[in-house]
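The values are calculated or read from the model by the stated rules, or taken from the named source; none is laboratory data. Predicted model, so just to flag it, every value in this text is computed and none were measured. Here the Cβ is made from the backbone with ideal geometry for all residues, glycine too, and neighbour counts use every protein chain on show. The accessibility values were calculated without ligands, DNA or RNA, using every heavy atom of the protein model including side chains. Shrake-Rupley method; radii C 1.70, N 1.55, O 1.52, S 1.80 Å.
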Amino acid sequence: MTEHHLEFELPVSALRKTTDPTSLGFTTTEHLEAPPAMIGQDRAREAMELALGIPDSRFNLFVMGVPGSGRTATALAMTREAAQHRKPASDWVYTHNFEHAEEPLALELPVGRGRGFAHDIETYVMACRRELRRVFNSDAYRQRRTAALQPALSQRNQLLEALNAEARAEGFSLQGTPGGLAILPLRPGAAEQSGGAGTMTPEEFQALPPEEQQRIEENNAKVEAAASQIFPQVRTIEEGMRSLMRELDHEVAEAAVEEPSQALEKEYAGLPEVTRFLHSLRADIVAHAAILREAGVPPSDTPEEDESPTSTENDMPTPDPLDEDLREAPTVRALLRNYSINVMVGRRPDESAPVIEETNPTYTNLIGRIDIGARDGLPFTDHMMLRPGVMHKAAGGYLIIHAREMIASHSWEAVKRVARFGHIELENGSMTAGSAPGATIRPQPIRADLKIILIGDPLAYGALAEGDPDFRQIFAVRADFDVEMARDVAGEQAYAQIAGDAVRKLGFPPFSSAGVATVIDEGSRWVDDQAHISTELMDVGDLCREAGYFARRAGAPVTDASHVNTAIAARTRRESVYSDKTLDMILDGSIKISTTGAVVGQVNALSVQLVFGHPAGIPSRITARVSPGMAGVVTVERETEMSGPTHTKGVLVLSGYLAGRFAQRFPMSLSASLCFEQLYSPVDGDSASSAELYAILSALADVPISQEVAVTGSVNQRGEVQAIGGVTQKIEGFFHLCQARGLTGQQGVLMPAVNARNLMLRDDVIAAVSEGKFHIYGVSTIEEGIQILTGIPFGTLTSEGKYLAGTVAERVLTRLAYFHDRVRQTGFMGMSGSNS
């Protein structure tokens, strides 16, 4: 190790920030309070307060954050708090529409009165039926009916008696049959007999002499002519009787329901739509009084004695004037169903606004559905078969939906319509699949007055925002849950409360201050930042629970740092199966990674791979080959379409750097090929761009790069090394490979100096650095990095535009000048088989 190397080596104190247990202010967490609902999310809290506080339909809320950040628990807690200061505005019921049965009415009632209204209507209908039975079965009604019908009955009977007398005078009898009026000849001498005993049979008629048959037929014609004159008058009288009875029954029914109707209408006098429905209901009850008073059983076809015509010797029956109406009226059961009330939204008067969380936001669960039944073998539905969804339950309050589940259920359009138009509309799309068109209805919509809170991650938000231009207008406020918070006194205290609460609920030993300090350090490690800790509080709580488990298993009185470290090691072991297999493949030579020696145009680059959510630092070999030509810097990954846009950008930056540094006196004539060796999956990101540049500089200068030092960091066109992510995992990944092969004391990692604040390394790495067995270098420029990797100074440009002989820059410039001459002299444009 040269003295220049020491200049860039990071001290042990920079490799991790640790928490002093004595600074936490407690010995154990036994008496600490439970953690607050929201921790470290001040911006999100302010956004949520804004959205929940503005009573505007556009100010719906999208709560955005990663799972485990407390986004759902916080949204529920804050929404419930807001709901305490808001009252639901209305109850809603569906009723039969007496004018258009296919369009059930949606009636709005004051909150707390929906179920009472349904009960009041049921009571009202029962009262009306009792009154109808009482009135129509009274002697007063019978007397009034008889008095009303008597003049017409007398007139009808007189006509029928006159006709009957004329028929007997001609030797005929009039008899009513199912097919109409029958005119039958009488036997000789049977004029005084009653009933049909004296009528002549067809055989008897045929046995008569022809002249007698002719006489009878002539008399029959006379009787038929008389009947044709009288029966139209009879029918007119009977129609008048029916009309008279309809008017009488309507008047009686109106009087019967007057008192209960007035009482009910007075109760709901301030609600115009309800009042209109009550008027329609009253009119329908009056119109169907004949059915309702008989409990669904039509009266006998036999006329009452006082309304029958005067008996004749032929007992000719006449129909009751009301029979026709009874046969065409609906059944009592169907009528009572029409009078039933379907309560869709019903609450107690003292309730605050509802807060509903829907975890399965399918279209039907959200909007509700229209059930289908069968009546007389045909599909059937009505207002009583409308079923509420969670939007009905949340009407006047708040509905919390998980965005990913909503997207997966294809129910965004349902949410959008309610949020945009402010009402819930049951439609054919919410009906049972396969329902017949004849069974469809279109209920009136219900006003939602609803605030919707969507909870999701950035991907879900992006999908909705890009997929629908209305999304941002409807969800005007976004509350972003950060993945990290400041590692200050408040943050550390919150971690202590989380730790104490986690083990307290499970009956595990309380945390010691040292145990909490270790959890805090791990929280910084999760976000790769010494100044911040993770806000993925579910994961923090899980770690605490796992540590408490190991403490209880060991019989320890407290959960200490050792138990936290045991939990961390156990978790790492569980989650590193596949990354360990990669390490094994490197160790057995299947994947070629050198950790000793030096090679021209070859560098060990570091990356982080997420293997089923577990981050693991994995070293990769990058090689570079250069030759005269005009192709510039080309990557195998880009040519094979395995390179993502960010990686491609990083490679293009290399050309800018080389041109700015070495192509000021002559055009750069270079073809350089870069390759991630043994990488068979897509590559993206620019964290390997500095390693790629080191490989090209090594190949051009023909100087070997140490394989004992791995590299991470991006670079810009000015040669400045820039920050990257996952630096802690990357360092540990290379360290574990070197450790497995045996530490030489020369091995280490070259990283951006600006990333020093992100280091949160494990104890074994820090111990190796402390003992001089492993080294971590922080550089700010490519020039600093190449010197560490090659042991040769990069070189400084003199006033004559030259570099000192033997420096990396001088060797690169000389090589590029040679390439330029070759291209100019030969016109060679491609890669050669030359060195490097």
*Scan Leu506, Leu454, Leu464 and give me the residue that is touching a helix residue (DSSP H, G or I) at 6+ places or on another chain (Cβ under 7 Å), at pLDDT 95 or above and open to solvent by 30 Å² or more (accessible area, probe 1.4 Å).*
Leu506
*Kindly indicate whether any position in region 99-108 is open to solvent by less than 10 Å² (accessible area, probe 1.4 Å), part of a loop (DSSP other than H, G, I, E, B) and at pLDDT 95 or above.*
yes
*How about region 603-678: which strands (runs of 3 or more DSSP E) wholly inside it have at least 2 residues that are at pLDDT below 85 and either touching a Ser or Thr at 6+ places or on another chain (Cβ under 8 Å) or more than 30 Å from Tyr578 (Cα to Cα) (or both)?*
614-627, 632-635
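Among the candidates Ile766, Ile776, single out the residue that is touching a helix residue (DSSP H, G or I) at 6+ places or on another chain (Cβ under 7 Å), aliphatic (A, V, I, L, M), modelled with pLDDT of 95 or more and not in a helix (DSSP H, G or I). Reasoning before the result, please.
Working: Ile766 fails: not in a helix (DSSP H, G or I).
Unique residue meeting the criteria: Ile776.
Those residues that are assigned to a loop (DSSP other than H, G, I, E, B) and surrounded by 19 or more Cβ atoms within 10 Å (Cβ to Cβ), I need them from region 84-96; list them, please. Spell out how you get there, then give the answer.
Narrowing region 84-96 to residues assigned to a loop (DSSP other than H, G, I, E, B): 84-89, 96.
The answer is Pro88, His96.
Residue by residue, here is whether (1) open to solvent by less than 40 Å² (accessible area, probe 1.4 Å); (2) among the charged types (D, E, K, R); (3) closer than 21 Å to Thr781 by Cα holds:
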{"position": "Ser698", "(1), (2), (3)": "yes, no, yes"}
{"position": "Ala723", "(1), (2), (3)": "no, no, yes"}
{"position": "Gln729", "(1), (2), (3)": "yes, no, no"}
{"position": "Phe734", "(1), (2), (3)": "yes, no, no"}
{"position": "Gly742", "(1), (2), (3)": "yes, no, no"}
{"position": "Gln746", "(1), (2), (3)": "no, no, no"}
{"position": "Leu761", "(1), (2), (3)": "yes, no, no"}
_Of residues in region 766-780 being crowded, with 16+ Cβ neighbours inside 10 Å and not hydrophobic (A, V, I, L, M, F, W, C), the one nearest to Gly745 (Cα to Cα)_ = Lys773
*So how many residues does region 226-279 have that are farther than 20 Å from Arg115 by Cα, surrounded by 15 or more Cβ atoms within 10 Å (Cβ to Cβ) and under 52 Å from the mean Cα position of the chain (by Cα)?*
2
_Count - residues of region 461-480 that are among the aromatic types (Phe, Trp, Tyr) and either over 15 Å from the mean Cα position of the chain (by Cα) or assigned to a strand (DSSP E or B) (or both)_ = 1
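Could you tell me whether Lys222 is open to solvent by 60 Å² or more (accessible area, probe 1.4 Å), within 30 Å of His100 (Cα to Cα) and either out of contact with any Cys (no Cβ under 6 Å at 6 or more places or on another chain) or touching a residue at least 24 places away in the same chain (Cβ under 8 Å) (or both)?
Spelling it out, it is not the case that Lys222 is open to solvent by 60 Å² or more (accessible area, probe 1.4 Å), within 30 Å of His100 (Cα to Cα) and either out of contact with any Cys (no Cβ under 6 Å at 6 or more places or on another chain) or touching a residue at least 24 places away in the same chain (Cβ under 8 Å) (or both).
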*asked:* Looking for something part of a loop (DSSP other than H, G, I, E, B), at pLDDT 85 or above and either closer than 30 Å to Val252 by Cα or not basic (Lys, Arg) (or both) - is there at least one such residue anywhere in region 175-195?
replied: no
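This table checks each residue for (1) farther than 23 Å from Asp20 by Cα; (2) outside any loop (DSSP other than H, G, I, E, B).
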residue: Met485; (1), (2): no, yes
residue: Phe508; (1), (2): yes, no
residue: Thr518; (1), (2): no, yes
residue: Arg525; (1), (2): no, yes
residue: Asp529; (1), (2): no, no
residue: Ile533; (1), (2): no, yes
residue: Val540; (1), (2): no, yes
residue: Leu543; (1), (2): no, yes
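Each row is one residue, and each column tells you yes or no for (1) in contact with a strand residue (DSSP E or B) (Cβ under 8 Å, 6 or more places away or on another chain); (2) crowded, with 18+ Cβ neighbours inside 10 Å.
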residue	(1), (2)
Phe117	yes, yes
Ala127	no, no
Ala140	no, no
Arg145	no, yes
Pro151	no, no
Ala169	no, no
Phe172	yes, yes
Arg187	yes, no
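Could you tell me which residue of region 551-562 is most open to solvent (accessible area, probe 1.4 Å), considering only residues that are assigned to a helix (DSSP H, G or I) and closer than 20 Å to Asp763 by Cα? So that I can check it myself, show each step before the final result.
Step one: list which residues in region 551-562 are assigned to a helix (DSSP H, G or I), which gives 551-554, 561-562.
Next, only the ones that are closer than 20 Å to Asp763 by Cα stay: 561-562.
Working: Ala561: 23, Ser562: 70 Å².
Out of the qualifying residues, it is Ser562.
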_Scan of region 11-52 for residues that are outside any helix (DSSP H, G or I), in contact with a strand residue (DSSP E or B) (Cβ under 8 Å, 6 or more places away or on another chain) and modelled with pLDDT under 95, ordered by number_ = Ile39, Gly40, Gln41
_Hits in region 472-497 (condition: touching a residue at least 12 places away in the same chain (Cβ under 8 Å) and either open to solvent by less than 20 Å² (accessible area, probe 1.4 Å) or among the basic types (Lys, Arg) (or both))_ = Ile474, Phe475, Val477, Arg478, Ala479, Phe481, Met485, Arg487, Gly491, Ala494, Tyr495, Ala496
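Determine whether Glu810 is in contact (Cβ under 8 Å) with a residue 24 or more places away in the chain and either touching a Pro at 6+ places or on another chain (Cβ under 6 Å) or in a helix (DSSP H, G or I) (or both). Step through it out loud before you land on a result.
Details: in contact (Cβ under 8 Å) with a residue 24 or more places away in the chain: no; either touching a Pro at 6+ places or on another chain (Cβ under 6 Å) or in a helix (DSSP H, G or I) (or both): yes.
Considered against the rule, which asks whether it is in contact (Cβ under 8 Å) with a residue 24 or more places away in the chain and either touching a Pro at 6+ places or on another chain (Cβ under 6 Å) or in a helix (DSSP H, G or I) (or both), Glu810 comes out as no.
In region 8-22, how many are among the charged types (D, E, K, R) and within 13 Å of Ser513 (Cα to Cα)?
Looking only at that region, the number is 1.
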*Return yes when Lys773 is of a type in the set (Lys, Arg) and either in contact (Cβ under 8 Å) with a residue 12 or more places away in the chain or closer than 25 Å to Ile533 by Cβ (or both) and no when it is not.*
yes
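Can you tell which of Ala567, Ala605, Ala517 is in contact with a Cys (Cβ under 9 Å, 6 or more places away or on another chain) and crowded, with 21+ Cβ neighbours inside 10 Å?
Numbers: Ala605 fails: in contact with a Cys (Cβ under 9 Å, 6 or more places away or on another chain); Ala517 fails: in contact with a Cys (Cβ under 9 Å, 6 or more places away or on another chain).
Testing whether each residue is in contact with a Cys (Cβ under 9 Å, 6 or more places away or on another chain) and crowded, with 21+ Cβ neighbours inside 10 Å leaves just Ala567.
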_Scan of region 126-142 for residues that are over 60 Å from the mean Cα position of the chain (by Cα) and either within 12 Å of Val252 (Cβ to Cβ) or outside any helix (DSSP H, G or I) (or both), ordered by number_ = Ser138, Ala140, Tyr141, Arg142
*Here are some conditions: (1) in a strand (DSSP E or B); (2) open to solvent by 60 Å² or more (accessible area, probe 1.4 Å); (3) closer than 24 Å to Thr74 by Cβ. Lys393 meets all but one. Which one does it not meet?*
(1)
